[in-house]
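Participant: Mind having a look at this structure? Questions to follow.
The values are calculated or read from the model by the stated rules, or taken from the named source; none is laboratory data. Only a predicted model underlies this, so the values are computations on that prediction, with no experimental measurement involved. We place every Cβ from the backbone using ideal geometry, glycine too, and count neighbours over all the protein chains shown.
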Amino acid sequence: MVDAQYSPLSATLVRTLTDKLYEKRKAAALDIEKQVKDLLQANHLSQLEKLLAVLKGLTTAHNAHVRKGGLIGLAAAAIALGKNTADYTSQLIEPVLTCFSDPDPRVRYYACESLYNIVKICRSSALSHFDELFDTLWRLSADTDLNVRSGAELLDRLLKDIVLATSSFEISTLMSLVRDRIYSQNSANRRFVVSWLSALLTAPELSISTYLPEVLDGLFQMLGDSQPGVRDATETVLGQFLERIHEQKDGDEAELNDMINVLIVHACGEGNTLTRMTALIWLNHFLKMHTVGLLQYLSSFLTAVLPCLNDSQLKAKEINTHLMELLSENADIEYDAVIKVLLKHIKYEFRDTRMAVLNWISRMHITAPAKLFSYMDRVFPLLLSLLSDTCDDVLLLDLQLLSDICEGKNTSGVELQGLNLDEDTLKQLSGISPYLVKFTSSLLAMFRSDTALLNDRGVLIVRQLCVLLGPGSIYRCLSVLLLKDNDTEFVSQMVALLNGILLTSSELFELRKQLRTLESEACINLFESLYRTWAFQPIALLGLCVLSQNYEHASVLARHLWKVDITVDVLIEIDRLVQLIESPILSYVRLDLLDAKHQQPLTAVLSALLMILPQTDAFNTLHKRIQCIPPVVLHEEKKQNQLNAKVDFKPLLQHFLRILEQQQEVLGKKHRQMLSSTEQWK
């Protein structure tokens with residue numbers, strides 16, 4: 001080692017600077033500091049640059065102690081330069097930066113100390129290397145050596161102070177670096193990034209809210225970090241950002257849209273409770289700030305809120321209530337998207353979510369019934385399916401909603417043209433809420449496609465609807481729509497179900513009374529409507545006439561029963577009718593056997609049924625009943641009340657006979673097909 005090699009430093013000084021003993025290195029650093037001052041004072045700038053070059057060379061030596069000496073020397077030179085460091089910033093900082101990749105943790109630690117002293121002297125001039133400094137500190141934050149991390153933290157705090165004190169510093173430069181590292185998965189790196197954002201947010205004169213959309217998603221991902229310290233720091237920073245947004249109030253709509261989309265993703269995600277709760281808090285604040293303006297994002301808000309309503313910690317109910325309050329007749333919302341979200345969650349596992357969906361549909365029906373009507377094909381089947389919900393609260397709310405919709409208190413702009421009904425059918429349905437017609441059509445379609453539902457829940461559904469909407473309207477609507485149905489087998493099945501409910505359910509007591517007395521034109525029209533549809537089920541039609549005390553016409557129908565294909569199903573229907581005649585509900589029918597004006601035709605009906613039945617229990621029951629009929633002097637003149645006489649049975653009978661003829665043709669066609677099929681197999 002010769003002096004010329006290290007000129008203007010002496011070989012002895014370099015040897016001392018790179019010695020293992022700290023005291024010797026310290027003494028050498030003081031000598032370098034003195035020498036730099038002397039060169040600067042003498043204006044020997046070329047020699048000064050040579051000295052710095054020598055120190056730089058030491059930082060790349062193979063020996064770790066030499067590298068440490070070079071780092072100590074650079075720090076000493078910076079101290080000596082003082083306010084003159086601005087001209088030598090690169091020569092001082094760049095050699096130190098290369099040492100942070102050194103495999104020896106002690107060298108990296110010395111680099112932290114050296115750079116701290118250099119930056120402390122350089123101050124704002126060090127910011128010309130801010131990108132490299134930031135990247136270095138970001139990497140050191142996750143260093144494996146504790147001492148290195150501690151040294152880096154001191155340097156990091158110093159750099160933050162300088163940045164905040166430098167008004168000319170470009171925040172965009174820093175935010176670009178943050179954005180590039182916001183998705184880091186390392187907890188230490190995350191803590192570093194968050195600490196910088198926190199530092200910037202504590203300076204009111206710095207405006208970084210405009211960069212929030214670029215980092216918001218990454219910050220929310222950090223809320224799911226495994227380290228509590230990272231989660232807490234991130235939550236604090238997000239709170240600081242939210243305060244800034246409140247102060248700013250006005251913001252770019254595109255940025256707002258981007259942030260809402262980010263919040264929706266994290267509120268709906270499978271992240272931890274903190275992430276979802278914070279996202280909902282943000283959404284709630286946005287909603288309070290922008291109110292009606294955010295209704296354009298209603299479907300997104302509902303996507304986030306509906307799944308969280310069961311968790312009281314998430315405070316989703318507050319958002320849901322606020323959103324519902326904002327919904328008005330003139331609200332600018334995308335109904336298609338909103339309906340899609342609501343129907344997606346209508347069978348959600350949590351009760352509160354299902355309740356909220358029903359309340360939303362109810363609210364939309366109140367504020368915009370005409371707009372909601374176009375979605376009834378999708379809404380009604382799902383509302384109907386909820387009738388099987390195991391939760392009583394949901395069931396009751398669902399029934400109430402169905403009732404409110406079908407009552408059609410506000411049907412302005414609601415038309416039935418979309419149902420493809422002919423003019424005659426529309427005329428028969430006049431006066432009935434379009435919603436009820438739409439609902440009934442959907443109900444029938446659902447029953448047709450889901451036989452299990454019809455068999456298992458059909459009776460319950462119809463009975464509950466009769467309670468809420470009135471049996472007259474329900475039966476009138478069902479009978480008119482069924483009459484136009486081409487699926488005669490389905491119509492026959494529905495008539496059997498409706499007839500059984502009509503003859504047995506306590507909820508239909510008033511309707512049975514109206515059909516007996518026929519005291520108004522409306523009752524007569526209802527009877528005639530039921531008659532035309534009940535014609536697809538001869539035994540049910542016979543029961544309808546018996547129920548309404550139209551025994552004369554019932555006896556006429558009975559004389560045509562020979563035309564009916566007496567299958568097992570028909571015999572079962574007769575058996576049920578016999579049981580009903582023996583029930584308390586039709587006790588007045590049995591008493592009419594004592595009435596002179598009713599005895600003969602009623603006896604004829606019962607006798608016809610008796611002749612069709614095989615000798616079963618029903619046969620014996622009916623036979624005993626007929627034997628109990630006492631002889632009565634028949635009135636020659638049968639009196640009928642005025643309105644009852646208005647029932648014109650002639651066209652009704654022709655309609656019944658026409659249906660019978662069609663059924664016989666269908667039956668004959670089936671028999672021919674079966675015969676043809678049998679011949680082919682021979």
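Participant: Is at least one residue of segment 623-630 over 30 Å from V491 (Cβ atoms), at pLDDT 85 or above, of a type in the set (K, R) and out of contact with any strand residue (DSSP E or B) (no Cβ under 8 Å at 6 or more places or on another chain)?
Facilitator: Quick first cut of segment 623-630, residues over 30 Å from V491 (Cβ atoms) only: 623-630.
Retained after the next criterion (residues that are at pLDDT 85 or above): 623-630.
From what is left, the residues that are of a type in the set (K, R) are 624-625.
Next cut, out of contact with any strand residue (DSSP E or B) (no Cβ under 8 Å at 6 or more places or on another chain) only: 624-625.
Yes, there is a match, as at least one residue in segment 623-630 is over 30 Å from V491 (Cβ atoms), at pLDDT 85 or above, of a type in the set (K, R) and out of contact with any strand residue (DSSP E or B) (no Cβ under 8 Å at 6 or more places or on another chain).
Participant: Okay, moving on. How about segment 199-212: which of its residues are under 18 Å from N261 (Cβ atoms) and buried (at least 19 other Cβ atoms within 10 Å of the Cβ)?
Facilitator: Initially, segment 199-212 is screened for residues under 18 Å from N261 (Cβ atoms), giving 209-212.
Selection gives Y211, L212.
Participant: Does L81 qualify as being assigned to a helix (DSSP H, G or I), in contact (Cβ under 8 Å) with a residue 40 or more places away in the chain and either acidic (D, E) or farther than 17 Å from T136 by Cβ (or both)? Don't jump to the end; show me each part of the working.
Facilitator: Numbers: assigned to a helix (DSSP H, G or I): yes; in contact (Cβ under 8 Å) with a residue 40 or more places away in the chain: yes; either acidic (D, E) or farther than 17 Å from T136 by Cβ (or both): yes.
Yes.
Participant: OK, next. Would you mind stating whether K83 is modelled with pLDDT of 90 or more and either in contact with a Pro (Cβ under 8 Å, 6 or more places away or on another chain) or buried (at least 24 other Cβ atoms within 10 Å of the Cβ) (or both)?
Facilitator: Numbers: modelled with pLDDT of 90 or more: yes; either in contact with a Pro (Cβ under 8 Å, 6 or more places away or on another chain) or buried (at least 24 other Cβ atoms within 10 Å of the Cβ) (or both): no.
Considered against the rule, which asks whether it is modelled with pLDDT of 90 or more and either in contact with a Pro (Cβ under 8 Å, 6 or more places away or on another chain) or buried (at least 24 other Cβ atoms within 10 Å of the Cβ) (or both), K83 comes out as no.
Participant: For segment 333-369, enumerate the residues that are assigned to a loop (DSSP other than H, G, I, E, B), over 13 Å from the mean Cα position of the chain (by Cα) and of a type in the set (D, E, K, R). Reasoning before the result, please.
Facilitator: Narrowing segment 333-369 to residues assigned to a loop (DSSP other than H, G, I, E, B): 333-334, 345-350, 368.
Filter once more, keeping what is over 13 Å from the mean Cα position of the chain (by Cα): 333-334, 368.
If the condition is that a residue be assigned to a loop (DSSP other than H, G, I, E, B), over 13 Å from the mean Cα position of the chain (by Cα) and of a type in the set (D, E, K, R), then E334 is the only one that fits.
Participant: Can you pull out every residue in segment 148-164 that is loosely packed, with under 15 Cβ neighbours inside 10 Å and either closer than 19 Å to R190 by Cα or touching a residue at least 24 places away in the same chain (Cβ under 8 Å) (or both)?
Facilitator: Going residue by residue through segment 148-164, those that are loosely packed, with under 15 Cβ neighbours inside 10 Å are 150, 154, 157, 161.
Correct list: S150, L154, R157.
Participant: Here's another thing I want to ask about it. Search segment 653-665 for residues that are closer than 18 Å to L544 by Cβ and pair each with any residue that is charged (D, E, K, R) when their beta-carbon atoms are under 9 Å apart and the residues are at least 6 apart or on different chains.
Facilitator: Listed pairs, sorted by first residue: H655/R532; F656/R532; L657/K563; I659/R532; L660/K563; Q663/K563; Q663/D565.
Participant: Take V96 and decide whether it is at pLDDT below 95 and assigned to a helix (DSSP H, G or I). Don't jump to the end; show me each part of the working.
Facilitator: Working: at pLDDT below 95: no; assigned to a helix (DSSP H, G or I): yes.
Against the criterion (at pLDDT below 95 and assigned to a helix (DSSP H, G or I)), V96 does not qualify.
Participant: A follow-up question, please. Mind listing whichever residues of segment 519-544 are crowded, with 22+ Cβ neighbours inside 10 Å and outside any helix (DSSP H, G or I)?
Facilitator: A535, F536, Q537
Participant: Filtering segment 370-380 down to residues that are modelled with pLDDT of 85 or more and assigned to a helix (DSSP H, G or I), which residue is surrounded by the fewest Cβ atoms within 10 Å (Cβ to Cβ)? It would help to see each step written out before you state the result.
Facilitator: Quick first cut of segment 370-380, residues modelled with pLDDT of 85 or more only: 371-372, 375, 378-379.
Next cut, assigned to a helix (DSSP H, G or I) only: 371-372, 378-379.
On the way: K371: 17, L372: 21, R378: 14, V379: 24.
Top of the filtered list is R378.
Participant: What are the residue pairs meeting all of these: first residue in segment 308-332, first residue surrounded by fewer than 18 Cβ atoms within 10 Å (Cβ to Cβ), second residue acidic (D, E) and in a loop (DSSP other than H, G, I, E, B), Cβ atoms under 9 Å, and 6 or more apart or on different chains?
Facilitator: N310/E349
Participant: A further question follows. Does V178 satisfy the criteria of being farther than 30 Å from D31 by Cα and among the aliphatic types (A, V, I, L, M)? Give the steps one after another, and end with the answer.
Facilitator: Details: farther than 30 Å from D31 by Cα: yes; among the aliphatic types (A, V, I, L, M): yes.
Answer is yes for this residue.
Participant: May I pose another question? Considering only segment 228-246, I want to know if a residue exists there that is of a type in the set (A, V, I, L, M, F, W, C) and in a loop (DSSP other than H, G, I, E, B). Let's see the steps before the verdict.
Facilitator: So in segment 228-246, the residues of a type in the set (A, V, I, L, M, F, W, C) come out as 230, 233, 237-238, 241-242, 245.
Applying the additional criterion that residues be in a loop (DSSP other than H, G, I, E, B) yields none.
Scanning segment 228-246 turns up no residue that is of a type in the set (A, V, I, L, M, F, W, C) and in a loop (DSSP other than H, G, I, E, B).
Participant: Another question, if that's okay. When you go through A42, A80, A86 one by one, which is the residue that is in contact with a Cys (Cβ under 9 Å, 6 or more places away or on another chain), in the same structural domain as A152 (by TED's automatic domain parsing) and over 29 Å from D145 (Cα atoms)? Spell out the reasoning first.
Facilitator: Numbers: A42 fails: in contact with a Cys (Cβ under 9 Å, 6 or more places away or on another chain); A80 fails: in contact with a Cys (Cβ under 9 Å, 6 or more places away or on another chain).
Only one candidate qualifies: A86.
Participant: Still on this structure: Any residue in segment 14-29 that is in contact (Cβ under 8 Å) with a residue 40 or more places away in the chain, within 19 Å of Y88 (Cα to Cα) and out of contact with any Asp or Glu (no Cβ under 7 Å at 6 or more places or on another chain)?
Facilitator: The answer is yes, given that some residue of segment 14-29 is in contact (Cβ under 8 Å) with a residue 40 or more places away in the chain, within 19 Å of Y88 (Cα to Cα) and out of contact with any Asp or Glu (no Cβ under 7 Å at 6 or more places or on another chain).
Participant: May I pose another question? Looking at R190, is it basic (K, R) and under 36 Å from the mean Cα position of the chain (by Cα)? Break it down stepwise before answering.
Facilitator: On the way: basic (K, R): yes; under 36 Å from the mean Cα position of the chain (by Cα): yes.
Yes.
Participant: Any residue in segment 240-254 that is among the basic types (K, R) and farther than 23 Å from T202 by Cα? Break it down into steps so the answer makes sense when it comes.
Facilitator: First, pick out the residues of segment 240-254 that are among the basic types (K, R): 244, 249.
Now drop any that are not farther than 23 Å from T202 by Cα, which leaves none.
For segment 240-254, residues among the basic types (K, R) and farther than 23 Å from T202 by Cα: absent.
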